[in-house]
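Structure record follows, encoded as structure tokens.
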Amino acid sequence: TSPNSADLVVCERLLLQARLDDALISLFKSQKAHAKALQLLKDRGSSANETGPLRGTTATIDYLRHLDASFEGLILDYSRWPLAEDPKHALTIFTDPVRDAHDSTHGNQQEQDTPGAAKLYLSVSVVLEHLKSFDSPVSAGNPHCLRGVFLERILARNANRELWPSSEMEEAVEKLTFIYIEMILKFKMLLRKAKKANDAESEQVLAEAHAQTTTKLRKLLESVPKGKAEGKRWIFVAT
């Protein structure tokens, strides 16, 4: 037991009673008590009665972005409520982690976007599986796929920097290809229904979403080495 553990318990209780949340979170972080900090952020952020700066998802998202992949369990557990509340912002937990400049085990901020920084990122397959339960079916009111947005972001970030291993980027391209195909087929089905129902507004939204996703798919496949792309020409039958 740490010789200061009793003092820490007293400090925690006093800070909690005084509602000095920033100081309490700093205390938890200094002691690597990340679960306690994240639970406090969740309690404050999700409370309808909270009026302070911790209300909402931002503080939790920022905290999680500073945890590297060794805290996978905590990241997955405590990203659930931000993903439910503000999914696109919460994706930055997985696409834009931040390296603490003062943490010698993490290096400095400048090194964040250099080769070798991949340990900051959870694996693509882990994140995709995690996002499944937060992905709503595409529709005229929701023409986006959360997993697709995640993959688009990491492929864009990795374009000029080796932040993820090449094997994971190959997986990302393959997964995104089939997500686009699923979306295109869904849009085509919904378009037929909208036309049949004479729903002009939905028809316009769906037609635009279909065209945009088809263009994205073509550009994605154009970025794949020619030998690998040739085997995927059949994909355009679906579009």
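The label-point distance for Ala33 and Gln17, in a model that sets each label 7 Å from Cα toward Cβ, rounds to 1.6 nm. Once the C-beta distance of Asp7 and Ser70 is scaled by a Förster radius of 30 Å, the resulting FRET efficiency is 0.60 to the nearest 0.05.
With all protein chains present, how much of the accessible area of the stretch 159-217 (probe radius 1.4 Å) comes from carbon and sulfur, to the nearest whole percent?
Values: 1730 of 3530 Å².
C and S fraction of accessible area: 49 percent.
Among residues other than Lys193 with Cβ under 14 Å from its Cβ, the summed charge is +2 (Lys and Arg +1, Asp and Glu -1). Applying 1/(1 + (r/R0)^6) with R0 = 45 Å to the Cβ-Cβ distance of Arg161 and Leu185, what FRET efficiency is obtained, to the nearest 0.05? Efficiency for this residue pair is about 0.85.
Measuring from label point to label point, each 7 Å out along Cα→Cβ, what is the Arg55 to Ser139 span in nm? Taking the two extended label points, one gets 2.9 nm.
When Rg and the Kirkwood Rh are both derived from Cα coordinates, the Rg/Rh ratio for the stretch 1-78 amounts to 0.98.
The values are calculated or read from the model by the stated rules, or taken from the named source; none is laboratory data. Nothing here was measured: the structure is a model prediction, and the numbers come from that model. In this analysis, Cβ positions are derived from the backbone assuming ideal geometry, glycine residues included, and neighbour counts consider all displayed protein chains. These accessible areas exclude ligands, DNA and RNA; they are computed on the full protein's heavy atoms, side chains included. Shrake-Rupley method; radii C 1.70, N 1.55, O 1.52, S 1.80 Å.
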